[in-house]
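Written below as structure tokens is the structure these notes are about.
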Amino acid sequence: MVRRGPACLIVLAALALPGIPVGGQSPAARNLVGTWTLSSAERLVPGSRPAAQPQARGLLVFDAAGHVYELARTGRNLVNGANQATPAEARELFENFGGFWGSYKADAAQNKITFRAEGAINPNAMGAAAGDLARTYEFTGDRLVITSGTDSGDGRDNMRWTWDRVPQLENLTAANRRLVGFWQHMVERRVNAATGAVLTETRRAPSIIVYTPSGYVGVHFPPLNRQRFAGASPTDDEAKAAITGVVSYYGAYTLYPDLVFHHRLVILASSQGDSLRRFYDITDDQLNLKFPTVTNQGQEIRTEVLLKRLSGATDMMAK
């Protein structure tokens, strides 16, 4: 176990989620709580029929404490992922992907929902300086339709997304219940596996992992100090810079004693799905994910990611 002293607690408190106040949502807004997968995406064209976007896939997660995660993709997969794409390919990839994590406030009486993106694929959408992302929403049974207007706040104007609720796992184990929730990234360390010596530490822009009671995992890990776009839309080079180094994906997860697998289905940085193997331990409200060791210059090196709990099983349950 990695021990933390008072100084670390001060840092954790300072990094508490800003933006829209995170509190219990109204009874009507609690209908949003849960895991949703994308069934269709349409571009709304005034005077014309909505234009269906091809190959729509996505994950949307709300908890009852006011946290939200979204990743949506349309269009073709590129042979090159985000980090290997040319500037022109990067712009196409950027336009095909959208997503963020942060806080939300739902107004059930007016069918309006307001997001504050703490971390996002689009750097112009992140943080208090970016303002809020405004949407409308409506329910039909276990189907949720979210619509953006002419000023979406993240470049995805005049869009309509249709999401289907995913039921919770039939049997949630005690280990599942401990793991589910929103976990905010605090620090990544490269550690000498033999001695425990910390070789490097890396911090990111506000980043998240969410594990859901429906068996899904979502990740948004943007790097620090990305530049905002000069205009509303990026140039090819701006798009390339914006997505380079961003770890953003969703998939399914499976649990074993002290071990979690992320089976990635949609990945910003790759056109192919895969599975990631991570050792984990939870101490109080801290999650430590440990990568398998690798050999580098004769040393056994392990990457560890420390995260702080923002919400738990009670907040994640739909009912």
Report task. Among the residues of the stretch 173-204, count how many are within 23 Å of GLY58 (Cα to Cα) and not β-branched (Val, Ile, Thr). Result -> 7
Report task. Please enumerate the residues belonging to the stretch 195-225 that are aliphatic (A, V, I, L, M) and within 19 Å of ARG264 (Cβ to Cβ). Result -> ILE208, ILE209, VAL210, VAL217, VAL219
Query raised in the report: Does the stretch 22-33 contain any residue that is under 30 Å from LYS290 (Cβ atoms), in a loop (DSSP other than H, G, I, E, B) and modelled with pLDDT under 80?
Result: yes
Query raised in the report: With respect to THR162, is the statement that it is surrounded by fewer than 17 Cβ atoms within 10 Å (Cβ to Cβ) and of a type in the set (Ser, Thr, Tyr) true?
Result: no
Report task. State the number of residues belonging to the stretch 281-319 that are acidic (Asp, Glu) and farther than 29 Å from GLY102 by Cα. Result -> 1
Report summary line: If we take the stretch 206-319, then strands (runs of 3 or more DSSP E) inside it with 1 or more residues that are open to solvent by 70 Å² or more (accessible area, probe 1.4 Å) are 247-256, 259-267, 274-283, 294-296, 299-309
Query raised in the report: If you scan the stretch 138-159, which residues turn out to be under 24 Å from GLU95 (Cβ atoms), touching a residue at least 12 places away in the same chain (Cβ under 8 Å) and open to solvent by 70 Å² or more (accessible area, probe 1.4 Å)?
Result: ASP151
Query raised in the report: Do we find a residue being under 21 Å from SER214 (Cβ atoms) and surrounded by 15 or more Cβ atoms within 10 Å (Cβ to Cβ) anywhere in the stretch 72-92?
Result: yes
Query raised in the report: Is one or more of the residues making up the stretch 122-136 buried (at least 22 other Cβ atoms within 10 Å of the Cβ), of a type in the set (D, E, K, R) and either touching a Phe, Trp or Tyr at 6+ places or on another chain (Cβ under 6 Å) or within 21 Å of LEU224 (Cα to Cα) (or both)?
Result: no
Report task. Could you please find all residues in the stretch 46-86 being out of contact with any strand residue (DSSP E or B) (no Cβ under 6 Å at 6 or more places or on another chain), aliphatic (A, V, I, L, M) and at pLDDT 90 or above? Result -> ALA64, ALA65
Query raised in the report: Do we find that THR162 is β-branched (Val, Ile, Thr), at pLDDT below 95 and out of contact with any His (no Cβ under 7 Å at 6 or more places or on another chain) in this structure?
Result: no
**Report entry** Enumeration of residues in the stretch 60-70 that are crowded, with 24+ Cβ neighbours inside 10 Å and touching a Ser or Thr at 6+ places or on another chain (Cβ under 6 Å)
**Finding:** VAL61, ASP63, GLY66, HIS67
Query - Residue list for the stretch 170-196, filter: free of Cβ contacts under 8 Å to residues at least 60 places away in the same chain and part of a helix (DSSP H, G or I) - result: ALA174
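The values are calculated or read from the model by the stated rules, or taken from the named source; none is laboratory data. Quick caveat: nothing in here was measured; it's all calculated off a predicted structure. Heads up, the Cβs are rebuilt from the backbone with ideal geometry, glycines too, and the neighbour counts pull from every protein chain shown. Protein only, heavy atoms only, side chains kept; ligands, DNA and RNA dropped before computing areas. Shrake-Rupley method; radii C 1.70, N 1.55, O 1.52, S 1.80 Å.
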